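Reading through the structure tokens given below for one structure.
The values are calculated or read from the model by the stated rules, or taken from the named source; none is laboratory data. Since the model is a prediction, treat every value here as computed from it, not as a measurement. Here Cβ is always computed from backbone atoms with ideal geometry, including for glycine, and neighbour counts include all displayed protein chains.
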Amino acid sequence: MSQFISLTQYQLIEAHGADAEKYLQGQLTSDVVQLASGATTLTAHCDPKGKMNAIYRLFKVSSEQFFLLVKKDILPSGLDALKKYAVFSKVSFDLRDWQIIGVIGEKCGKITPHFSLEIDEQRSILLNETELPVNFNGDEKIWEVADIQAGLPNLSPQTQNEFIPQALNLQAVEQAISFTKGCYIGQETVARAKYRGANKRAMFIFKAQTQQEVEIGSEIEMQLEANWRKTGTITSAVNLDGVLWLQVVMNNDIDSEQQFRLLNSEVLLERVQLPYSITE
């Protein structure tokens, strides 16, 4: 049975105007011009040093109309940074109080939203200006866990402006980074990380059977012979039905046999294989 989940943790933003495409092309890591109308991708907005202040799900309606989904907890700072130079272009950014629905499984044919964003074969996001006749039967934690399992990264206030896009594997996700388009904010750092091997970190998935909760931005522990040492930064954490799912940014050269556990705990972490390759 399909699951319908109210994604109230997200804010919908509409970017529109004659210069919308050109403006976003100079701000975001993805190739906005080459993105097809009706297509969606994750994308990032960086500061001048290449550190991400927001991760968006971008949806292109046309060259003059785009929608961006972003976690509410990184607003308003994330949006303020994105529209900092918009005063010089014919583009507006407006918050839209639309219904945002996550669907896992087949969509009901009777539901006709304004827009449907296809995430993968099993998941989609429905956007509608008014409430749709949907019976919600899933918790938002289910959606968050699905994101973790799919290797789709999350940015929180604790991790804003801490990581370049490749540290959260965005080079391997959808069309999140373009290395062939022109300049955008932070582009020099992102390009250097690819072509000069400057990035030494990657995001990994872990899970553990435990009722424990952990804080975003905290560390885990790595075994070194008889001792344990702090390592990594937790960027996503969801405990669903006694299974704790984590995304952790660490050095990208870790041994496959390396043992990890929760900080100051005996709870061992099981490393889960990423659904994509992070080899540049």
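If I go through the stretch 99-156 residue by residue, how many of them are farther than 28 Å from Val249 by Cα and among the charged types (D, E, K, R)? Final tally of qualifying residues: 5. Checking each residue of the stretch 64-79 against the condition of being at pLDDT 95 or above, surrounded by fewer than 17 Cβ atoms within 10 Å (Cβ to Cβ), closer than 15 Å to His16 by Cβ and not charged (D, E, K, R) gives at least one match. Restricting Lys84, Lys71, Lys49 to those that are more than 19 Å from the chain's Cα centre (by Cα), over 16 Å from Cys183 (Cα atoms) and not polar (S, T, N, Q) reduces the list to Lys84.
Here's the yes/no breakdown for (1) in contact with a Ser or Thr (Cβ under 9 Å, 6 or more places away or on another chain); (2) basic (Lys, Arg); (3) more than 19 Å from Ala44 (Cβ to Cβ); (4) not assigned by TED's automatic domain parsing to the domain that holds Ser37:
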position	(1), (2), (3), (4)
Lys72	yes, yes, no, no
Leu75	no, no, no, no
Gly78	no, no, no, no
Phe88	no, no, yes, no
Ser92	no, no, yes, no
Trp98	yes, no, yes, no
Ile104	yes, no, yes, no
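Inside the stretch 124-147, residues that are in contact (Cβ under 8 Å) with a residue 24 or more places away in the chain and closer than 30 Å to Ser62 by Cα make up a count of 14. For the stretch 59-86, what are the residues that are among the polar types (S, T, N, Q) and outside any strand (DSSP E or B)? Within the stretch 59-86, Ser63, Ser77 qualify. The requirement of being modelled with pLDDT of 95 or more, surrounded by 17 or more Cβ atoms within 10 Å (Cβ to Cβ) and within 21 Å of the chain's Cα centre (by Cα) is satisfied by Thr235. Residues that are over 20 Å from the mean Cα position of the chain (by Cα) and polar (S, T, N, Q) within the stretch 1-40 comprise Ser2, Gln3, Gln34, Ser37, listed in sequence order. Yes or no: Ala54 part of a strand (DSSP E or B), within 27 Å of Ala198 (Cβ to Cβ) and small (Gly, Ala, Ser)? Taking the combined requirement at face value, the residue satisfies it. Looking at Glu221, Glu215, which is the one that is among the charged types (D, E, K, R) and within 24 Å of Ile55 (Cα to Cα)? After ruling out the rest, the residue left standing is Glu215. Reported count of residues in the stretch 198-218, each being more than 18 Å from Asp253 (Cβ to Cβ) and assigned to a loop (DSSP other than H, G, I, E, B), is 9. Listed by position, the strands (runs of 3 or more DSSP E) contained in the stretch 90-176 that have at least 2 residues being surrounded by 21 or more Cβ atoms within 10 Å (Cβ to Cβ) are 99-104, 123-128.
Across the stretch 43-56, the number of residues qualifying as in contact with a strand residue (DSSP E or B) (Cβ under 6 Å, 6 or more places away or on another chain) and buried (at least 22 other Cβ atoms within 10 Å of the Cβ) comes to 8. For the stretch 244-251, state whether one or more residues are in a loop (DSSP other than H, G, I, E, B) and surrounded by fewer than 14 Cβ atoms within 10 Å (Cβ to Cβ). There is no residue in the stretch 244-251 that is in a loop (DSSP other than H, G, I, E, B) and surrounded by fewer than 14 Cβ atoms within 10 Å (Cβ to Cβ).
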